[in-house]
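Enquirer: I have a structure here, written as structure tokens, and I will follow up with some questions on it.
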Amino acid sequence: MTLQVTRATFDEVMVPNYAPSAIIPVRGEGSRVWDKEGKEYVDFAGGIAVTGLGHCHPTLVNVMREQAGQLWHLSNVMTNEPALRLAKKLTEKTFADRVFFANSGAEANEAAFKLARRYAFDHFGPEKHEIIAFNKSFHGRTLFTVSVGGQAKYKEGFEPTPGGIKHCDYNDIEQLKAIISDKTCAVVIEPIQGEGGVIPGDIEFAQQVRALCDQHNALLVCDEVQSGVGRTGTLFAHEQLGIKPDILTTAKALGNGFPVAAMLATEEAAKSLAVGTHGSTYGGNPMACAVAEAVLDIVDTPEVLGGVQHRHDLFVAGLTAINDKYHVFKDIRGMGLLMGAEVVDQLAGKAGEIIKAGAEEGVFVLVAGPNVLRLAPSLIITDEDIADGLARLEKAIATVVANHPVA
Ligand code: PMP
């Protein structure tokens with residue numbers, strides 16, 4: 001007999017590391033999700049920029065079914081065809097020559113940071129080990145990735161965190177110049193900061209970061225865990241900043257919800273991860289790689305990438321119309337379908353209330369920053385779903401504004 005579970009079960013048995021909403025979705029299709037009672041929701045969150053092709057995309061469902069009947073797992077002592085095909089495609093489509101597979105964004109970043117340290121160790125010695133990251137950045141929740149991340153709240157109570165990490169403000173080249181040195185082994189950048197509040201990278205800044213890395217023999221790591229796989233309208237967001245990384249990490253949308261991640265690297269950098277230096281039991285799992293290969297095939301097409309700007313424009317127009325009526329946002333920004341609407345100061349701390357009211361109206365939106373509504377819908381969301389979701393969001397905003405007038 002199937003055990004009956006509810007939201008209360010979460011409080012009873014789960015480690016309460018997140019505070020999930022009362023809704024427990026049981027089914028999804030495209031940009032729509034349903035709970036057990038049959039209530040319908042429009043999904044503008046995509047599981048934090050994960051389901052770039054929407055829920056249960058029929059091609060992906062078929063690929064997964066087929067692979068499930070063929071081969072589930074082999075581990076790293078034996079390779080497999082889906083992993084080799086996916087690696088080949090990733091290298092063909094990007095700057096990279098080599099691929100390492102992992103299972104999550106944090107794990108891919110761990111690989112990137114270990115590679116950067118090892119590369120510097122091999123070529124310049126142990127003194128060159130400092131990693132520079134940006135304030136407000138987010139790179140994962142493992143002890144090292146949390147330490148590299150630029151948000152103090154995630155480190156609280158976990159000290160002492162690993163050393164050899166420095167931070168400076170994003171989009172501020174003077175601050176970077178002041179702390180980069182010949183001890184720097186890597187600079188890690190999100191081309192658009194996600195968790196930090198949907199803050200797009202400045203093109204000139206990004207190019208100067210690249211130049212500074214070259215000057216100091218430091219590797220440039222692009223964390224594209226949130227921005228990658230079509231999210232911003234190009235396969236990877238760094239392309240729009242006109243920079244070429246030495247290492248790139250991708251996860252989330254790569255598997256459209258199936259756990260798979262990758263660290264991509266140039267031949268020169270990758271040489272430093274020789275046999276035996278790093279590994280992962282599930283990295284390169286055939287199920288995950290088969291799905292990710294199909295995701296890449298679908299996303300990297302003019303139909304999908306070419307539609308991102310149109311959808312971005314619809315969202316911006318819709319959010320602007322809401323703002324004209326309710327005066328709730330002080331900024332609407334983003335790249336492609338990673339968008340942020342920052343609430344006005346009178347609503348500081350109330351973004352969470354809008355998210356909650358949104359869920360009640362039947363639309364999923366995320367918070368970031370902490371005063372930014374973050375929208376990261378499917379890359380192929382329909383115009384109708386955009387309009388419907390925005391109408392629901394408007395109702396939610398009307399409710400919150402009724403309780404907290406902004407005039
Ligand atoms: N890097 C970035 C930029 C992210 O946004 C996230 C997740 N929000 C991560 C890393 C961590 O990914 P994961 O949760 O898969 O470990």
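The values are calculated or read from the model by the stated rules, or taken from the named source; none is laboratory data. Predicted model, so just to flag it, every value in this text is computed and none were measured. As a convention, Cβ positions derive from the backbone with ideal geometry for all residues, glycine included, and neighbour counts pool all protein chains shown. Remember, those area values only see protein heavy atoms, side chains included, never the ligands or the DNA or RNA. Shrake-Rupley method; radii C 1.70, N 1.55, O 1.52, S 1.80 Å.
Enquirer: Please work out the FRET efficiency for the pair Asp324 and Glu204, using the Cβ-Cβ distance as r and a Förster radius of 25 Å; give the result to the nearest 0.05.
Expert: Efficiency, from the Cβ-Cβ distance: 0.20.
Enquirer: Right, another one. Near Lys36, which lysines are there with a Cα under 23 Å away, not counting those fewer than 8 places off in the same chain?
Expert: Output for Lys36: Lys356.
Enquirer: Let me ask another. Please list 3J(HN,Hα) in residue order for region 324-330, calculated via the Karplus relation 6.51 cos²θ - 1.76 cosθ + 1.60 where θ = phi - 60°; whole Hz, with x for glycine and proline.
Expert: Karplus-based 3J(HN,Hα) across region 324-330 equals 4, 7, 10, 6, 9, 10, 9 Hz.
Enquirer: If you place +1 on the Cβ of every Lys and Arg and -1 on the Cβ of every Asp and Glu, how big does the dipole about the Cα centre of region 268-351 come out, in debye to the nearest 20?
Expert: Computed charge dipole of region 268-351: roughly 300 debye.
Enquirer: Among Ser21, Ser280, Ser378, determine the one that fluctuates most according to a GNM of the chain built with springs between C-alpha atoms less than 10 Å apart.
Expert: Among Ser21, Ser280, Ser378, the largest mean-square fluctuation in the Gaussian network model of the chain belongs to Ser21.
Enquirer: Output needed for the chain: three equivalent-ellipsoid semi-axes, defined as square roots of 5 times the C-alpha gyration tensor eigenvalues, in descending order, whole Å.
Expert: Working from the Cα gyration tensor, I get semi-axes of 34, 27, 20 Å.
Enquirer: Kindly provide the trypsin sites (Lys or Arg not before Pro) of region 25-84 that DSSP labels as loop, not H, G, I, E or B, and whose Cβ sees at most 14 other Cβ atoms within 10 Å.
Expert: Loop-located and lightly packed - Lys36, Lys39.
Enquirer: In addition: List, in order, the whole-Hz ³J(HN,Hα) value for each residue of region 104-109 obtained from phi through the Karplus relation with A = 6.51, B = -1.76, C = 1.60 and θ = phi - 60°; use x for Gly and Pro.
Expert: Ordered by residue, 3J(HN,Hα) equals 8, x, 4, 5, 5, 5 Hz.
Enquirer: Moving on. Find the Cα radius of gyration of region 257-363, compare it with 2.2 N^0.38 Å by division, and give the number to two decimals.
Expert: 1.59
Enquirer: Okay, moving on. Of Lys325/Lys350; Lys128/Lys271; Lys183/Lys252; Lys136/Lys395; Lys325/Lys395, which sit over 20 Å apart, Cα to Cα?
Expert: Those over the limit are Lys183/Lys252; Lys136/Lys395.
Enquirer: Remind me, relative contact order of region 1-48 in percent, using alpha carbon pairs under 8 angstrom and six or more residues apart?
Expert: 21 percent
Enquirer: Most fluctuating residue of Gly164, Gly362, Gly38 in a GNM of the chain with Cα springs under 10 Å: which is it?
Expert: Gly38
Enquirer: For Val316, Val77, Val275, Val188, what's the largest-to-smallest order of accessible area, 1.4 Å probe?
Expert: So the residues, ranked largest to smallest area, are Val275, Val77, Val316, Val188.
Enquirer: Follow-up. Report the label-to-label distance for Thr161 and Lys93 in nanometres (one decimal), using points 7 Å from each Cα along the Cα→Cβ vector.
Expert: 3.2 nm
Enquirer: Using the Karplus curve 6.51 cos²θ - 1.76 cosθ + 1.60 with θ = phi - 60°, what ³J(HN,Hα) values do you get for each residue of region 228-238, in whole Hz, with x for Gly and Pro?
Expert: x, 6, x, 3, 9, x, 10, 4, 10, 5, 4
Enquirer: Which residue, His312, His73, His139, tops the fluctuation ranking in a GNM of the chain built on C-alpha contacts under 10 Å?
Expert: In this elastic network of the chain, the residue with the biggest mean-square fluctuation among His312, His73, His139 is His73.
Enquirer: Please state the shape class of region 67-222: rounded when a/c is under 1.5, otherwise prolate if a/b exceeds b/c and oblate if not, all from the C-alpha gyration tensor.
Expert: prolate
Enquirer: Here's something else I'd like to know. Roughly how many debye, to the nearest 20, is the charge dipole of region 188-243 about its Cα centre, given +1 on each Lys and Arg Cβ, -1 on each Asp and Glu Cβ, and no other charges?
Expert: It comes to approximately 80 debye.
Enquirer: In debye, nearest 20, what is the charge dipole magnitude of the chain about its Cα centre with +1 on Lys and Arg Cβ and -1 on Asp and Glu Cβ, if you could check?
Expert: It comes to approximately 580 debye.
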